[in-house]
Amino acid sequence: MDEVTFKSDTVLSDVHLYTPNHRHLMVRLNGMGQPVFLSQFKLLWNRDSRTDSGAEGDGRGALLAEETPPSGPGSARPLPGSGHSDATSQVGLGTRLDEDGDLDVERRPPTASDPEPAGPPRDKVHPTILTQEEEDPLADGARESSPRDIVRIEHTMATPLEDVGKQVWRGALLLADYILFQRDLFQGRTVLELGAGTGLASIIAATVARTVYCTDVGADLLAMCQRNIALNGHLTAAGGGVVKVKELDWLRDDLCTDPEVPFSWSQEDVSDLYSHTTILLAAEVFYDDDLTDALFETLSRLAHKLQNACTAILSVEKRLNFTLRHLDVTCEAYDHFRSWLRRLEGLADGRLRFAVERVEASFPQLLVYERIQQLELWKIFVEPVM
Ligand SMILES: C[S@@+](CC[C@H](N)C(=O)[O-])C[C@H]1O[C@@H](n2cnc3c(N)ncnc32)[C@H](O)[C@@H]1O
């Protein structure tokens with residue numbers, strides 16, 4: 001397999017879009033025949049925390065995996081509804097200061113009009129396949145940092161829409177940052193993540209939580225997630241946290257307990273989930289109105305089954321899109337998400353009371369990604385009506 005072609009229906013996470021480097025560590029093909037890459041995300045415990053909205057730089061330095069970006073716009077598109085606004089793009093291509101404070105001017109990516117484009121044609125990516133024995137940028141990074149600083153994540157680079165969970169999304173990094181900032185909140189808790197994708201936020205949660213139920217749908221995705229949990233056992237075991245990868249489909253009313261089905265629930269897990277869960281997480285799962293409906297209905301159903309009051313912590317990226325239908329820039333998926341928050345705000349349905357609060361994204365940034373203004377964090381508090 002020499003090359004990967006981005007088709008017109010390919011979805012590519014911004015986390016991978018703007019990485020300026022040219023090498024990937026491709027580790028295998030997954031069950032769908034998609035190339036799987038290994039990236040390291042470094043936790044910058046000692047760095048001065050950057051708390052602004054990312055205008056200072058794109059902070060790509062700590063995404064140690066070297067990735068070849070698609071060689072220009074149009075070869076792959078971010079999540080539907082993203083529109084991938086100019087404002088967002090500019091942050092990715094912005095200027096930075098080096099360690100001495102000098103202006104670090106970044107070259108623009110090659111374009112089709114370049115007489116001698118430096119890279120491959122814009123509709124192709126040529127992953128450099130590195131083996132562990134050869135020069136391995138990830139291994140260098142790992143040597144420089146203690147394992148406590150490194151989260152290793154297997155992911156794909158680009159997928160069809162139905163496989164978006166195999167990529168890492170900025171919302172997962174924002175949520176992970178919040179967990180790291182609010183470690184006390186998660187200490188010893190039982191946590192449920194919905195639509196966990198690669199499992200990054202669950203892994204971070206499990207560095208302090210007692211049990212994290214890391215859930216999604218699809219055996220191939222869940223297997224990848226399970227591998228990531230294993231890859232980061234050193235992080236979670238240190239605090240005694242356990243991550244359990246399970247299938248939880250928002251389009252189903254029940255949890256699958258058939259032992260023949262991979263990632264199904266044992267009766268003990270179901271009982272533990274309902275008895276002890278107090279925090280629910282979901283990152284970047286609001287991109288399709290039907291799925292958003294299903295997600296909120298699942299949240300409500302779960303909240304009614306949990307024995308304790310709970311808090312749902314949700315990250316969302318307000319993606320702007322120019323639509324022909326409106327002849328204007330809109331953010332329909334985000335608007336639909338906000339309409340659900342308005343419905344829940346102050347709702348008391350007889351048994352439960354809901355309250356909604358936006359969390360300012362001004363907490364320290366320990367992971368490196370573009371914390372653009374459009375990234376938001378919301379909390380929904382659910383407690384019994386007395
Ligand atoms: C954009 S990805 C976000 C993944 C991860 N949270 C992140 O931020 O990197 C959306 C996730 O929602 C999951 N999802 C979509 N439909 C679902 C359903 N019906 N039940 C459970 N998860 C679903 C996808 O599999 C995917 O992992």
Work out how much length Val217 to Arg28 would gain on full extension: take 0.36 nm times their residue separation and subtract the Cα-Cα distance, in nm to one decimal. 65.9 nm
Between the range 332-386 and the range 154-225, what's the alpha-carbon centroid distance in Å? 18 Å
The long-range amide H neighbours of Gln167, using H built 1.01 Å from N in the peptide plane and a cut-off of under 5 Å, are Thr156
Accessible area per residue of the range 162-384 at 1.4 Å probe, in Å²? 39 Å²
Could you please state how large a percent of the accessible area of the range 156-209 is carbon and sulfur, counting protein chains only and using a 1.4 Å probe? 49 percent
Between Ile150 and residues 5 or more places away or on another chain, the pairs with built amide H atoms under 5 Å apart involve Leu43
Using the Cα gyration tensor of the range 164-318, with a ≥ b ≥ c the square roots of its eigenvalues, what is the shape: rounded (a/c below 1.5), prolate (a/b larger than b/c) or oblate (neither)? rounded
Give me the percent of the accessible area of the range 222-294 that comes from carbon and sulfur atoms, probe 1.4 Å, all protein chains in place. 50 percent
Long-range amide H contacts for Leu352: which residues qualify at under 5 Å (H placed 1.01 Å from N, peptide plane, sequence gap of 5 or more or a different chain)? Val385
Under 18 Å between C-alpha atoms is the cut-off here; go through the range 162-384 and count lysine pairs that meet it, provided they're at least eight residues apart or on different chains. 4
Length-normalised contact order of the range 162-384, Cα under 8 Å, at least 6 apart, in percent, tallies to 20 percent
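The values are calculated or read from the model by the stated rules, or taken from the named source; none is laboratory data. Since we're looking at a predicted model, the values are computed, not measured. Side chains are part of the model used for accessible areas, which takes the heavy atoms of the whole protein and leaves out ligands, DNA and RNA. Shrake-Rupley method; radii C 1.70, N 1.55, O 1.52, S 1.80 Å.
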